[in-house]
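Step one of this worksheet: look at the structure below.
Computed from the coordinates by the stated procedures, all read-outs in this text should not be read as laboratory data. Please read all numbers here as calculations on a predicted model, not as lab measurements. Glycine gets a Cβ as well: all are built from the backbone with ideal geometry, and neighbour counts include every protein chain shown.
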Amino acid sequence: MKKLELRMYGLVNYQLTGIQKGIQFGHAVVKYGQMMKKSDYYDQSKVYDKWANEYQTFIILNGGTTNINQISLGTLNQHLKTLNDNGIICADFYEPDLGDQLTAISFIVDERVFNKKKYPDYKDNYISKIMGRNFDINYQNWKKKIGGDKNVFLRDFLRKFNLA
């Protein structure tokens, strides 16, 4: 397997101050690392160790509001559900001093998600433009090149966020 750059991405509650966002994200990163010690995450723990040993890069994004009320679930809470529903391994952190509200989510992505120069979007890929009649075959090849369904999901999911 080729060496892929890794980054720890996170979504945080927008209502926090800058330093609080960093602290809450830090809590989620620590929780992620602790999760990796469990046998259920053996393969993912290798990815975490590689990130922790070689990269340590954080990307903290504005995740919106937080509210655990199921009638008016916050956007950060909705994003966590979306990540879980799409099989993305992530850690969440609920701050006891804020009424146990969700304040941060962390997850690792590889360069095929964030390096659009090296891995352009399908619509920007010259193959799709040149060989439009083979769209399905080209799309499947592109999807394979960027790491499959989870990375396609993450590219689309992360597109809507701004830095925190």
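Cα-Cα over 30 Å: which of LYS38/LYS123; LYS37/LYS150; LYS37/LYS118; LYS46/LYS123?
LYS38/LYS123; LYS37/LYS118; LYS46/LYS123
In deg cm²/dmol, rounded to 500, what helix-only [θ] at 222 nm does the chain give when every DSSP H run of at least 4 residues adds -39500 (n - 2.57) and the total is split over its residues?
-13000 deg cm²/dmol
Take peptides 12-18, 81-87, 61-67 and line them up by average Cβ neighbours within 10 Å, highest first, as a rough protection proxy.
Answer by packing, highest mean first, reads 61-67, 12-18, 81-87.
Where both partners of a DSSP beta bridge lie in the chain, what percent of those bridges are antiparallel, to the nearest 5?
Looking only at bridges with both residues in the chain, the antiparallel portion is about 70 percent.
Using a Cα-Cα cut-off of under 18 Å, which aspartates and glutamates could be cross-linked to LYS116, ignoring same-chain neighbours fewer than 8 residues away?
GLU5, ASP124, ASP149, ASP156
To the nearest 10 degrees, how steeply does helix 149-158 sit against the main Cα axis of the chain, on a 0 to 90 scale?
Roughly 60 degrees between the two axes.
Using the alpha-carbon atoms, what tilt in degrees (0 to 90, nearest 10) does helix 135-145 show relative to the longest principal axis of the chain?
Roughly 50 degrees between the two axes.
Return TRP142, TRP51 ranked ascending by Cβ neighbour count within 10 Å, so the fewest neighbours appear first. List each step's numbers first, then the result.
Numbers: TRP142 18, TRP51 21.
Final ranking by Cβ density, sparse to dense: TRP142, TRP51.
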